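Structure, as structure tokens:
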Amino acid sequence: MSLTDLKVRTAKAKAKPYKLADSGGLYLYVTGTGFKSWRLKFRLGGKERRLTFGAYPEVSLTEARNCRDDARLALREGRDPALSAKRRKLVGSESGGTPTFEAVARRWHKLQTPRWTEVHAVDVLRSLDRDVFPQLGAFPIGDIDVPLVLAILRQVEARGAIETAKRLRQRISGVFGLAISEGLVTSNPASIVAGALQPLRRTGRQPALTDLDALKELLSQVEAADAYPGTKLASRLLALTVVRPGVLRGARWEEFEGIDWQTGDADGALWRVPAQRMKLRLERKDDDTFDHIVPLSDQAIDVLKTARTLSGHRDLVFPSMRHAHQPLSENAIGYLYNRAGYHGRHVPHGWRAAFSTIMNERAERAGRAGDRQIIELVLAHEPINKVESAYNRAAFLDRRRELLTDWGALISKDQKAPIDFIGWRTK
């Protein structure tokens, strides 16, 4: 006869230890002091063995029976139940307790974070929160297969975010790599799906206009569009400073120097982008020698003064419309260009190619061969000469200021004043 909860609970100590049998070799062992524990008797290799599951009431009758069933399954598969139990204690349950994808993903993210910059770590988790967890997060990780991963990535591709889909696939693959190493799964569906994703629609360089008149027309079209003023201002400052779009999105008011926001004085104004936000090798990101110095033209300062009226009370210069503590969406400026008719013709990153092409051509016509090196510094390109790359990023600051001043005057001529983006003028 099998045991009941009542019989187990009311079992009393006796002069000598004794057993209360359940079924399938499971029994409750009661010592002379009344201590109770669950044990299993079984045979392996012709020898009688014993396995202890834990004390009662910490381990209930139902839990003890589950442990018995797991042990008998191991026996049928030719495994030693004692070793299986030890493995469960070390790495978790082999069945019935598989963690969810989100639980494993967050553990993977925590493990990887020390290798990443703070900004990248935030971007990775945000992308999973937005595009993956709502769909896959609650699934036991062992239940996720190739068609399911592909379906999620197809949804991302459907909104035109081809590169984002590829990055997500890499991140999902990383999660499964951890799951495989922990023995939770045996295959990586995100690895298999790689060949089924759409290819990136670009060849080498990103689309960029390099004709000055065409660039000015782009600004006119974009800034005439019905769009959030902060996005227009971000676009104009991106064009004037030619930093990478990610650097611009993360801009904070504390990074700008030499501007008196009360009086408007801005002699020698510059933007000091911390090394940790720049595209650098990880070991250089904590070295302020590699801060990127951007001399600010009068036109760039005008943009910042206008942006100050919108976000001066916040940390970020260009916060998201929906979440003020987060930066402007990585796609906001690109979508604005697409709506203005420049899809496949010019992307936000294209301002860097435009600046390089036009200013190098002007330098060549003027016989200033040395400007090529200065232009590379403006763009924060790492010099081929590794010794040279160790010099302070403030090198040739005066000439860089001259180049960005000339550039600002060229692309801003006959353009709207930044204050017009928000429909009113300051006194």
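Karplus couplings for the stretch 325-338 from phi (6.51 cos²θ - 1.76 cosθ + 1.60, θ = phi - 60°), rounded to Hz, Gly and Pro as x?
Per-residue couplings from phi come out as 8, 10, x, 3, 4, 5, 9, 4, 5, x, 5, 4, 5, 4 Hz.
Can you compute the helix-only [θ] at 222 nm over the chain? Use -39500 (n - 2.57) per DSSP H run of at least 4 residues, normalise by all residues, nearest 500 deg cm²/dmol.
Details: 17 runs with 190 residues, N = 427.
Taking each H run of at least 4 residues, the total per residue is -13500 deg cm²/dmol.
Helix 397-412 versus the longest principal axis of the chain: what is the Cα-based angle in degrees, 0 to 90, to the nearest 10?
80
At a temperature of 4 °C and a viscosity of 1.567 mPa s, determine how fast the stretch 293-370 diffuses translationally according to Stokes-Einstein, using the Kirkwood radius over alpha-carbon pairs as Rh; express D in µm²/s, rounded to the nearest whole number.
84
With charges set only on the Cβ (+1 for Lys and Arg, -1 for Asp and Glu), what does the dipole of the chain come to about its Cα centre, in debye to the nearest 20?
That gives the chain a dipole magnitude of about 2880 debye.
Take the Cα pairs of the stretch 1-54, get the Kirkwood Rh, then feed it into Stokes-Einstein at 37 °C and 0.692 mPa s and tell me D in µm²/s.
278
Once you list every other residue whose beta carbon is under 15 Å from the beta carbon of residue 322, what net charge do they have if Lys and Arg are +1 and Asp and Glu are -1?
My count for the surroundings of residue 322 gives +2.
Could you name the aspartates and glutamates whose alpha carbon sits less than 15 Å from that of residue 36, not counting residues in the same chain fewer than 8 places away?
Once the sequence-local aspartates and glutamates are set aside, what remains near residue 36 is 5, 22, 58, 63.
Return one whole number: the accessible area per residue of the chain in Å², for a 1.4 Å probe.
For the chain, the per-residue accessible area is 54 Å².
Before anything else, pin down the relative contact order of the chain: Cα pairs under 8 Å, at least 6 apart, normalised by residue count, whole percent.
Once normalised by length, the contact order is 12 percent.
For the pairs 166/305; 7/41; 14/47; 216/305, flag any whose C-alpha to C-alpha distance is greater than 32 Å. Please list the in-between numbers first.
Working: 166/305 38 Å; 7/41 20 Å; 14/47 30 Å; 216/305 22 Å.
Checking Cα-Cα distances, 166/305 exceed 32 Å.
Write down the Kirkwood hydrodynamic radius of the chain, to one decimal in angstroms, obtained as one divided by the mean of 1/r over all alpha carbon pairs.
26.7
Taking θ as phi - 60°, what are the ³J(HN,Hα) couplings along the stretch 41-51 by the Karplus curve (6.51, -1.76, 1.60), each to the nearest whole Hz, with x for Gly and Pro?
Values, residue by residue: 9, 8, 10, 9, x, x, 10, 7, 10, 9, 10 Hz.
Express the carbon and sulfur contribution to the solvent-accessible surface of the chain as a percent, rounded to the nearest whole number, probe 1.4 angstrom.
50
Output the Kirkwood hydrodynamic radius of the stretch 211-317, Cα pairs only, in Å rounded to one decimal.
On the way: mean 1/r = 0.0673 Å⁻¹.
Hydrodynamic radius (Kirkwood, Cα only) of the stretch 211-317 equals 14.9 Å.
When the Karplus curve 6.51 cos²θ - 1.76 cosθ + 1.60 is applied with θ = phi - 60°, which whole-Hz ³J(HN,Hα) does each residue of the stretch 159-170 get, with x for Gly and Pro?
3J(HN,Hα) across the stretch 159-170, in whole Hz: 8, x, 8, 5, 5, 4, 4, 5, 5, 4, 4, 4.
The values are calculated or read from the model by the stated rules, or taken from the named source; none is laboratory data. Small disclaimer: the values here were computed from a predicted structure and weren't measured. Don't worry about glycine lacking a Cβ; one is built from the backbone with ideal geometry, like all the others, and counts go over all protein chains shown. SASA here: full protein model, heavy atoms, side chains in, ligands and nucleic acids out. Shrake-Rupley method; radii C 1.70, N 1.55, O 1.52, S 1.80 Å.
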